[in-house]
Structure formats: C-alpha cells, structure tokens
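Engineer: So that we are looking at the same thing, I have put the structure below in structure tokens.
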Amino acid sequence: MKKTFFRLSALVLALLLLLTMFVSCNKSDGTIDNGGNPDDNDNPTVIKPIQTTTTIYEIAKHGNLVLYMYGKDLYDKGFEHGDIVEIAIGDKKWDVPLCTSYSDVNNGEAVLRATGDEDGVVLAINMGDFATTAGIAKKSAIDEEPGYRWDYLMESPVEITITMKKEGGYREEWLIRQLVRTNERADYAHLSDEAFANFRVIETTGMGKGVLYRSSSPINPELGRNTYADKAAEKAGIITVVNLADPSNMYEGTENTYYSTCKVTYVNLGMDFLSEATLNGMAEGMRFIINNNGPYLIHCNEGKDRAGFVSALLECLMGATLDEVIDDYMLTYYNYYGVEKGTEKYDAVLKNNLIKALNTTFKVDDVYKADLAAEAAAFLMEDAGLTADEVSALKGKLTITLQEIYDACQNEALLKNRESVYIRNDMDGEFWLETYLTKDYIYDYMPDEEFPYVKFMTDDACYRYDSGNFLHYLFITPDGVGDFASERAEAYAAVILGEEALDDIIESVEIKDGRITVTSVLSSKNLEDWAEYGVIAGKYKYVLDAKTREMISISIEYTYNDGSVSTSITELSYDAEEPEKLSELLGYVNQTEDLRNVTVVSNPGTDKEESKSIQAPKGLVVGVEYGDDLEYAVELFTDAACTVAYDPFANTDSDLTIYIKWSKQSN
C-alpha cells in the first residue's frame, strides 16, 4: 500500500467517527474500535502497520549486520529514506532512521542503511559496533583469514522485525546529509591539485611550520586522487607516513610512487575511536611519529573521517583553538562536496560529525567550553595508553623539523626582522671563529697569534686581512667577470648549519621557558662521511626561541674511536655591535676619498672578452678569486698582450688594469 492511502484512510475514519458522535480509541493490540457497538466488537477494523521480517545474512568486520534482504524489499513494503523505523530483535527494540549512508546519523547512533534496489540492507552504528553493542555476537581474533570470527550470543538465525515508527521523521535531516562528490578532476576545476587530493599542511596554533600534513590516500586509486596526493607529498618532502586505512589495501604500482620511499606504518584505525583496537592503533601511530623524523603525513582513504579526527586530535594537543580545528576539518567538506560555511549543510556536518566526535572522545558535554589541549593529552594517556613522556615527545616532534631548523639558519631567516646577527663559535672551550651578518655583507674573523684570518664579503667584492695586509679581491670565472653574490649566499647558508644536517635523526624536543631545544644524532649516512676522521657518534643540540623561531645556539659533540670527545658551541646575538676587527675594516670599505680605479679584463683579445671596473681604496692590495673549476689554469698580467705578470704588491696606489688569461688544462 502507498503511504498516502493510510493517511487518507485515517482522515476519513476520523471524520466518520465525529459525524456519528462515537468515541474511538486505539486498543493495546493495535486494532481500532469500530465505533462503540458492542455487538460489532468481535470483528474490529484492523489497520496493519508497515512491517517486514528478515534475518541476519552475515556480520561484517566492524560489527555491522548485513540483513537477508535488498533495498527493493523495503521500498516495496512502503518504507522510504528518511522514515524512522522500529527494529526489534528478541525483546530488544531500537528506533532508527532509514538512510543511505552510515554518516547519515551522528557518531554512535544506529542506522538502517539501504542504498538502492539491488543493494543489501545493513543495520549498523555509525562509528560503532552494532553486533557487540546489541549483544548479538562476540568477536574473536583468529589466525585464519580474515583474522576474526563472530560467535552468536543468541539462537541463530536471528530474526529481525522492521516496523514503521514515524513516516518521514528523519527526512529533513537525511536530506541535509546528502553530500555528493565525484572522482573526476575536471569536476573540480576551481580547486588546486593539492585541494583536489584533500592534501594540505596543518597550520593551526602551536603546530610547527611544515611539520604535519593530511591527505586522501596517495596509493588508493579508487578516488582518482592518489597520483595528485603522491605528487603533493613529494613536493612537501614528506618523510614519515601514518596510514590509518586497512593494511590489506595494497595497490598495484605503489612501488613506483614517491610514497614507497617514505617510512610508512599501517595502523588500521577503526571507526569507533574509543574501541580497544582503535586506541591501540592510535597509540601505534603516535609512537611511530615520535620515533621518526618529519615532515609527517596522516591519511586514510578520503582523508575525511579517520584522518579528520586524528588531525583534529593533534591540533587540539598542540594548542589550536576550536575555530581553527573546525576550519581545517570542514575544509575537507568543501574540497569534496562544496559545502560552504554559513549553510545548513555546513552546520549539520559540523554538529553531527566533528563536535559529536570530540564530545564523545573527550567525554565532555560541551567541547566549546573544554580545554582542548588538556583533553587531548588526557585522551592519549588515559585512553590510548601513551605515557606523559611520550605525549611530551609527540608534542616536541610536531613542534619543529630539521628542515625548519635548517631554514632558520639561512640568511633570510636570521635577518628577517633584524639588522645584524653576531655569531661566536668556541671549539673545545676556546674562541675559534666569529661571524657578523647584515643584509649587505658577511664578515668572518678567526684569531691566530701569527696569522689572524679576516674576511669581509659583499656582492661586488671581498676583503681579506692576510700577513698584516688588507687585500681587496674581485671574483672571476672562465666566462667573464662575476660577483660574489652566489658565493655570499652559499656562505650564509653554511655559516651555521650544513645541508647534511637534514639527514640526522631528531632524538628529543623540549619546550621550556620560551625556548625549543632539539637534540639530534648523526644519521648512518653522515656517520659514514665522518668515519674517515675517526668519528663514531655525533650529537647536535639546537636552541631556538619558541615564538620567533630565531636560532639561539648550537652545540655539537663528536665522539672518536679513541674515546676522545670534541665539543663546539655556537651562540647567536641579534642587532649586536660590530666586532672590533670589523670596525677597522669598514674604515677601508666605506672610504670615499683616496680611491683608485681598478679594471679587470677577462679573456682579452677573444670573443669572450669582458671587463669590469671598480673603485678600490688606495693602499690595498687587489687580488682575484676564482671558483673551484680545476679544468682551467689562470694567469694574471698587467698588459693586453699578456706578457707581463701581475705583481699584486707592486702597485697599491695608482689606477690599475689586470688582464686575466684562462687556459684549459690537459688531463
């Protein structure tokens, strides 16, 4: 029968009863009194409810009941999506909505899922386990495939009765939840490739720069997003991956991906975030982060539910506001479904997914009023089983990466908000080197009683103090006269930390008194490089300002195969006064009088001839500096014919032209 028939029948019956002035009432057995005639009560009018009976076909992995029926069996009886039905199993009853997806209901709520005429009907709990919760069966782990077994706790086959409780009682809510996505890139032309893959860096309060990323699966091709996610992971330099999806989901071609070069753990997170298996998986994933270097990537299949929850959890732990957590979580729903803030769908998804999950997981009534960082830490310790030290280590790993430390040592970072940086390095307790940086020059001074070393470099020239004399150098290459810009940039990059440090392993991160202290140890690769010097172990300690991320100090300790230990301490001061030697040298560099013209001609008399002129202070020796290209020999002359060799000490006061001849060396 059609639902409209029942609605009209009820209306007509009510009118007839009123017209005849009879009083009717529902009987306890579900029949309707015929109008008060005692003689007719033996044959009452009966309106049968919409109802059907079935049994359990199987119990799925996560406790969902797959029923012995198809969607068409329900539709033909008069049930429609959005109805509320009564489920009766033995003496137990539940009121549940008839929907098309588990997520059509809130986390922890039951749903009867029917997706189409020819699809099976499933009774489940969203993010839960119906079979266990309802006391229908008990799950046990077994060695044989598929790794589990369900044992019924009641007589089988289990009969299930489905009865209409309220037609359309859930219709409005169900409609809000009907979010549609495709797997075609062309349908998301408004999104970047990264957004299409639901790939992004997490940048909430407290999270380190470029430390944690989230994404859809870079290896699962079912969503059409895996290649985009894999390319994004490569671009971000992902090192460590926590795969929250089923570890049996291995896909052809994975071995040819960037993903295959990363360190990956498969934790097989369930959808019930308080279940023992899921909590164990959560702990495993967090410990994997603790024991490996970032940048980190967290993903499941869509990067929506499991990755969404874990990302939210870690954001809370690191000090994010709830608004930040919400914005990041809901961005996924824009990327997939175009759900925009301020819409009815946005509010429904937020309330029924993220907020409900956090309230349940944190065991609070209102997450809007909760201390998110404290609740996240408590969940990881009390529920997932991490120790306080492990939570502290996890927070440290999510605070900073070696890449960020390396970047913090580059000139742009050192001078981002500063006029100058002074760097002092002590070796084994003795002063060894000082460096002074500005945006215009770099200065180095290495003390030595007999031959102190001083170097001052701008983009155009390099000055040195050598054997009691200041020397003014120009830079040349086989292709002509160059400048020191690239060399100065390299000097900035290597002045504190070499790129090889990116291969080291972070051992610990401590945040205390406004400072971040990161301890790393030499990687096996770097140990091989240091082995020729007898080094068998190396430890680095970096101290940065927790707020500005400015480098404060670097301590290095090397242990040698003879048991000896060497130490190096580098300390940085910002906007400090110029060192004494630098002030003396700047007197020459900034000199505006008593200058002479110095011209350098490279490759004279050839089609590669090039010249460059500068003004240099009188009294300074002028030299040339060239790169490490050993294929060429260099000769300097004072005549165009290249016959008179250049003597740098012969002329330090008058104008000067230096001719440079390059010749390729034979093997």
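Engineer: Going through Arg287, Arg306 one at a time, which residue ends up being among the charged types (D, E, K, R) and surrounded by fewer than 21 Cβ atoms within 10 Å (Cβ to Cβ)?
Structural biologist: Just a single option satisfies the conditions, and that option is Arg287.
Engineer: In addition: Has segment 144-161 got at least one residue that is in contact (Cβ under 8 Å) with a residue 24 or more places away in the chain, closer than 29 Å to Gly78 by Cα and surrounded by 17 or more Cβ atoms within 10 Å (Cβ to Cβ)?
Structural biologist: Filtering segment 144-161 for residues in contact (Cβ under 8 Å) with a residue 24 or more places away in the chain gives 146, 148, 150, 154, 156-161.
The next check asks that each one be closer than 29 Å to Gly78 by Cα; those that pass are 156-161.
Among the residues that remain, those that are also surrounded by 17 or more Cβ atoms within 10 Å (Cβ to Cβ) are: 158, 160.
Yes: segment 144-161 contains one or more residues that are in contact (Cβ under 8 Å) with a residue 24 or more places away in the chain, closer than 29 Å to Gly78 by Cα and surrounded by 17 or more Cβ atoms within 10 Å (Cβ to Cβ).
Engineer: Which of the residues belonging to segment 293-303 are part of a strand (DSSP E or B) and either open to solvent by 20 Å² or more (accessible area, probe 1.4 Å) or not aromatic (Phe, Trp, Tyr) (or both)? Walk me through how you get there before you give the answer.
Structural biologist: Step one: of segment 293-303, the residues part of a strand (DSSP E or B) are 296-299.
Answer for segment 293-303, where residues must be part of a strand (DSSP E or B) and either open to solvent by 20 Å² or more (accessible area, probe 1.4 Å) or not aromatic (Phe, Trp, Tyr) (or both): Leu297, Ile298, His299.
Every residue, every condition in (1) part of a strand (DSSP E or B); (2) touching a Ser or Thr at 6+ places or on another chain (Cβ under 8 Å); (3) of a type in the set (Ser, Thr, Tyr); (4) loosely packed, with under 15 Cβ neighbours inside 10 Å, yes or no:
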position: Ile556; (1), (2), (3), (4): yes, yes, no, no
position: Gly563; (1), (2), (3), (4): no, no, no, yes
position: Ser573; (1), (2), (3), (4): yes, no, yes, yes
position: Glu593; (1), (2), (3), (4): no, no, no, yes
position: Asn597; (1), (2), (3), (4): yes, yes, no, yes
position: Thr606; (1), (2), (3), (4): no, no, yes, yes
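Engineer: Could you identify the single residue in Glu276, Glu284, Glu203 that is free of Cβ contacts under 8 Å to residues at least 24 places away in the same chain, in contact with a Ser or Thr (Cβ under 9 Å, 6 or more places away or on another chain) and not hydroxyl-bearing (Ser, Thr, Tyr)?
Structural biologist: Numbers: Glu276 fails: in contact with a Ser or Thr (Cβ under 9 Å, 6 or more places away or on another chain); Glu203 fails: in contact with a Ser or Thr (Cβ under 9 Å, 6 or more places away or on another chain).
Step by step, each of Glu276, Glu284, Glu203 is checked, and only Glu284 is free of Cβ contacts under 8 Å to residues at least 24 places away in the same chain, in contact with a Ser or Thr (Cβ under 9 Å, 6 or more places away or on another chain) and not hydroxyl-bearing (Ser, Thr, Tyr).
Engineer: A further question on this structure: If you go through segment 442-457, how many residues are modelled with pLDDT under 75 and open to solvent by less than 50 Å² (accessible area, probe 1.4 Å)?
Structural biologist: Final tally of qualifying residues: 1.
Engineer: Let me ask something else. Just the residues that are in contact (Cβ under 8 Å) with a residue 12 or more places away in the chain, more than 24 Å from Glu430 (Cα to Cα) and of a type in the set (D, E, K, R), please, taken from segment 576-615.
Structural biologist: Hits for segment 576-615 are Asp594, Arg596, Lys608, Glu610, Lys612.
Engineer: Still on this model: For the subset of segment 70-119 comprising residues that are closer than 20 Å to Ile50 by Cβ and of a type in the set (Gly, Ala, Ser), which member is surrounded by the most Cβ atoms within 10 Å (Cβ to Cβ)?
Structural biologist: Ala114
Engineer: How about segment 608-634: which of its residues are part of a loop (DSSP other than H, G, I, E, B), at pLDDT below 80 and touching an Asp or Glu at 6+ places or on another chain (Cβ under 7 Å)?
Structural biologist: Of segment 608-634, the ones part of a loop (DSSP other than H, G, I, E, B) are 608-609, 618-620, 627-631.
Now narrow it down to the ones that are at pLDDT below 80: 619-620, 627-631.
Within segment 608-634, just Gly619 meets the criteria.
Engineer: Filter segment 233-259 down to the residues that are open to solvent by less than 10 Å² (accessible area, probe 1.4 Å) and assigned to a helix (DSSP H, G or I), then identify the one that is nearest to Asp327 (Cα to Cα). Walk me through it before giving the result.
Structural biologist: So the first thing to find is which residues in segment 233-259 are open to solvent by less than 10 Å² (accessible area, probe 1.4 Å), and the list is 233, 238, 240-245, 259.
Then drop every residue that is not assigned to a helix (DSSP H, G or I), which leaves 233, 259.
Numbers: Ala233: 22, Tyr259: 27 Å.
Among those residues, the one meeting the criterion is Ala233.
Engineer: How about segment 516-552: which of its residues are of a type in the set (S, T, N, Q) and open to solvent by 20 Å² or more (accessible area, probe 1.4 Å)? It would help to see each step written out before you state the result.
Structural biologist: Here is the first cut: in segment 516-552, the residues of a type in the set (S, T, N, Q) are 517, 519-520, 523-524, 526, 548.
Within segment 516-552, Thr517, Ser524, Thr548 meet the criteria.
Engineer: Suppose we filter segment 211-222 for residues that are open to solvent by 20 Å² or more (accessible area, probe 1.4 Å) and touching an Asp or Glu at 6+ places or on another chain (Cβ under 7 Å); how many remain? Explain how you work it out, then say what you get.
Structural biologist: Quick first cut of segment 211-222, residues open to solvent by 20 Å² or more (accessible area, probe 1.4 Å) only: 213, 221-222.
Still in the running and touching an Asp or Glu at 6+ places or on another chain (Cβ under 7 Å): none.
So the answer is 0.
Engineer: Can you tell me which residue within segment 120-161, out of those that are assigned to a strand (DSSP E or B) and of a type in the set (S, T, N, Q), is nearest to the chain's Cα centre (by Cα)? Reasoning before the result, please.
Structural biologist: From segment 120-161, those assigned to a strand (DSSP E or B) are 120-125, 137-141, 148-152, 159-161; that's our starting set.
Remaining after also requiring of a type in the set (S, T, N, Q): 140, 161.
Values: Ser140: 35, Thr161: 47 Å.
Once the filter is applied, the top-ranked residue is Ser140.
Engineer: Given the criteria surrounded by fewer than 19 Cβ atoms within 10 Å (Cβ to Cβ), under 21 Å from Gly587 (Cβ atoms) and not basic (Lys, Arg), does Asp407 qualify? Even if it seems obvious, please write down each step before you answer.
Structural biologist: Details: surrounded by fewer than 19 Cβ atoms within 10 Å (Cβ to Cβ): yes; under 21 Å from Gly587 (Cβ atoms): no; not basic (Lys, Arg): yes.
Spelling it out, it is not the case that Asp407 is surrounded by fewer than 19 Cβ atoms within 10 Å (Cβ to Cβ), under 21 Å from Gly587 (Cβ atoms) and not basic (Lys, Arg).
The values are calculated or read from the model by the stated rules, or taken from the named source; none is laboratory data. None of the values given here were measured: they were computed from a predicted structure. In this analysis, Cβ positions are derived from the backbone assuming ideal geometry, glycine residues included, and neighbour counts consider all displayed protein chains. Side chains included, ligands, DNA and RNA excluded: accessible areas come from the protein's heavy atoms. Shrake-Rupley method; radii C 1.70, N 1.55, O 1.52, S 1.80 Å.
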